[in-house]
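The values are calculated or read from the model by the stated rules, or taken from the named source; none is laboratory data. Keep in mind that this is a model prediction, so the values were computed, not measured. Neighbour counts are summed over all protein chains in view; Cβ atoms, including those assigned to glycine, are modelled from backbone coordinates with ideal geometry.
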Amino acid sequence: VQSVVLAGQLAAPAAPAAAAPGGLTQVVPVPANAVTVPGETFTLTRSSRIVVAPGGGAETSRVADELAALLRPSTGYPVPIAAAAPRPGDIELRLVTAAELGDEGYRLDVTGAGVRLSAARPAGLFYGVQTLRQLLPPWIESRTVRPGPWTVAGVRIEDVPRYEYRGIMLDIARHFQPPAVVKRYVDQAAAYKINTLHLHVGDDQGFRIAIDGRPELTEIGAQFSINNDPGGYWTQAEYVDVVNYAAERFMTVIPEVDTPGHTNAIIMSYAGPEADPVLPDVNCSNRTPPVWNLTTAVGYSALCPESPNTWAILTDIVAQLSALTPGPYYHFGGDEVPASILSHDRFVDFVDRKADLVTAHGKTSIGWAEISQANFDRPGAAPAVAQFWSNGNPAGAGGDSARRAVQKGMKVVMSPANHTYLDMRQWPTSPLGLAWAGVLDVSHFYHWSGTSSDPGSYIPARTVGGETLPAVTDADILGVEAPMWSETLITGADIEFQAFPRLPATAEIGWSPNVHPDRNLASYVDRVAGHGLRWQLRGQNFYPSPQVPWQ
Ligand code: TNX
């Protein structure tokens with residue numbers, strides 16, 4: 001076994017995975033460091049066990065349970081979980097003291113004697129299991145018994161993520177989705193080491209989570225989806241159930257009720273003729289209620305920043321969603337409010353006040369990057385995060401919303417629409433998706449500028465009007481996120497079709513080191529090619545992109 005070093009310390013990368021035999025050629029995201037162990041092969045057999053070292057705690061046991069649940073249906077083997085010394089043929093999971101592995105890294109040793117997976121934290125064990133899954137033959141994903149053989153070529157992997165935030169966003173406001181669909185997507189994304197689920201639950205066309213004391217928001221605001229498709233909402237118990245389900249897959253939920261724009265559903269809930277009490281003062285949109293906007297229009301609604309009722313409603317929403325959400329973040333939207341509806345000053349006042357409201361409820365604010373216009377640099381302002389989504393030229397004004405955020409000390413989540421938006425069409429005449437940020441195939445997701453896919457050099461510094469706005473570097477970047485808006489997406493199958501095979505590219509950009517022999521499009525499409533069979537075996541939809549040499 002050759003020596004293994006971590007990303008960042010890696011002077012000359014070790015053996016390229018493309019040259020390695022066996023399952024390494026299917027691992028996505030590509031591990032930071034992997035070396036083959038020549039002449040060694042692990043075989044999972046009828047007598048193999050999952051061995052959990054003592055002291056692992058409940059989370060480690062759960063990872064072991066999840067691994068067993070994956071291995072049993074396709075192998076037909078019992079795969080018991082044992083707290084015992086490992087025997088040849090076993091898979092051992094153990095927590096170790098290894099600061100270099102951080103909260104999410106893992107070490108995976110596969111030899112003829114067995115598999116040893118170690119990590120400093122249970123999340124690392126979970127991610128190691130996802131890698132082991134991809135090292136095994138694709139038929140491991142079968143839900144019925146297959147003949148095998150269940151072999152893995154000898155390999156030693158030491159893997160840590162580049163960014164701490166690797167997200168998906170799902171819009172359940174434009175088209176309602178029941179919890180079961182979201183849970184499936186959580187499982188599918190967690191397999192690629194995505195660790196954040198940003199749930200967009202309030203927009204013009206719907207408000208999707210029950211708020212105690214404010215039945216209007218869901219009784220009125222949740223009735224519909226776009227095109228008069230059926231609406232719906234989650235009870236708070238259903239939301240908590242999804243939060244817990246995601247947490248079991250080491251995924252943190254961030255709720256988003258978009259404000260002050262994208263609020264037609266809230267406004268209608270209080271300003272419609274049936275509503276009691278009627279609160280016309282919350283409405284600063286250019287529409288006179290009752291107007292249900294069930295089209296894909298954007299940029300026409302706004303809550304009035306001067307209305308005490310606006311703040312009473314928002315306080316209830318922020319307080320309750322914050323209390324139900326264990327993660328550190330609350331996303332308050334902030335996108336697409338035309339100055340013709342709220343002047344710059346009124347918008348800034350709104351954002352400053354909303355950020356304070358979020359802080360008062362113990363969360364860190366995230367908003368779409370327009371919020372960087374507000375006073376996040378004022379003395380005493382809490383740290384906050386801007387989510388960059390522009391599809392404009394990042395070297396030009398297109399990058400300014402993120403530069404302003406950096407200038408004010410905010411962190412940035414990178415979601416450039418033309419490289420991460422999963423609701424964009426995959427070919428020009430696709431019945432699914434919009435195209436305002438482009439028609440985006442795998443290559444557009446992988447290549448952010450030229451053939452580079454480095455978030456940390458995507459937005460360079462820019463001098464404008466004698467002022468130099470800063471570059472957005474890794475020191476500023478919390479991570480990456482692939483949003484999925486749902487104007488045209490109705491079913492879980494639609495969501496899967498849009499997510500695969502593009503989402504794993506964003507996952508790789510978020511996880512894998514930028515400088516690595518296999519961190520490139522050619523290697524990515526080769527590695528993801530074997531996943532089509534895996535997805536089919538799991539009953540998961542995907543787009544058979546012509547850019548991938550499907551096996
Ligand atoms: C723009 S991107 C929006 C959403 C739409 C999306 C459609 C952003 C922050 N706002 O309201 O759903 O385009 O792709």
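A few notes on this one:
- Cβ pairs under 9 Å, 6+ apart, first in the range 476-502 and touching a residue at least 24 places away in the same chain (Cβ under 8 Å) and away from the ligand (no atom under 16 Å from the Cβ), second charged (D, E, K, R) and part of a helix (DSSP H, G or I): Gly492/Arg184; Glu496/Arg184
- Complete set of residues in the range 134-150 that are part of a loop (DSSP other than H, G, I, E, B) and surrounded by 19 or more Cβ atoms within 10 Å (Cβ to Cβ): Leu136, Pro137
- Taking each residue of the range 323-349 that is closer than 18 Å to Tyr300 by Cα and not assigned by TED's automatic domain parsing to the domain that holds Leu199 and looking for partners that are within 16 Å of the ligand (Cβ to nearest atom) and at pLDDT below 95 with beta-carbon atoms closer than 6 Å, six or more apart or interchain, yields nothing.
- Within the range 331-340, considering residues that are within 12 Å of the ligand (Cβ to nearest atom) and among the small types (Gly, Ala, Ser), the one farthest from Ile168 (Cα to Cα): Gly334
- The number of residues in the range 341-371 being farther than 21 Å from Ala319 by Cα, in a helix (DSSP H, G or I), away from the ligand (no atom under 13 Å from the Cβ) and touching a Gly at 6+ places or on another chain (Cβ under 9 Å) comes to 1.
- Leading residue by the ranking (nearest to Arg502 (Cα to Cα)) among those in the range 453-475 that are in a strand (DSSP E or B) and in contact (Cβ under 8 Å) with a residue 40 or more places away in the chain: Ile459
- Complete set of residues in the range 434-488 that are crowded, with 19+ Cβ neighbours inside 10 Å and small (Gly, Ala, Ser): Ala437, Ser453, Gly479, Ala482, Ser486
- Being away from the ligand (no atom under 16 Å from the Cβ) and within 22 Å of the chain's Cα centre (by Cα) holds for only one residue in Pro379, Pro416, Pro328, and it is Pro328.
- Restricting attention to the range 69-122 and to residues that are free of Cβ contacts under 8 Å to residues at least 24 places away in the same chain and assigned to a helix (DSSP H, G or I), the residue that is nearest to Pro147 (Cα to Cα) turns out to be Arg72.
- Scanning the range 177-229 for residues that are out of contact with any Leu (no Cβ under 8 Å at 6 or more places or on another chain), on the phi > 0 side of the Ramachandran plot and surrounded by fewer than 24 Cβ atoms within 10 Å (Cβ to Cβ) yields a count of 1.
- Checked against (1) buried (at least 18 other Cβ atoms within 10 Å of the Cβ); (2) over 18 Å from Pro255 (Cα atoms); (3) within 16 Å of the ligand (Cβ to nearest atom), Gly392 passes all but a single condition, namely (1).
- Scanning the range 23-61 for residues that are in contact with an Asp or Glu (Cβ under 6 Å, 6 or more places away or on another chain) and among the charged types (D, E, K, R) returns a single hit, Arg49.
- Restricting the range 151-171 to residues that are touching a helix residue (DSSP H, G or I) at 6+ places or on another chain (Cβ under 7 Å) and assigned to a loop (DSSP other than H, G, I, E, B), the residue that is nearest to Asn33 (Cα to Cα): Val160
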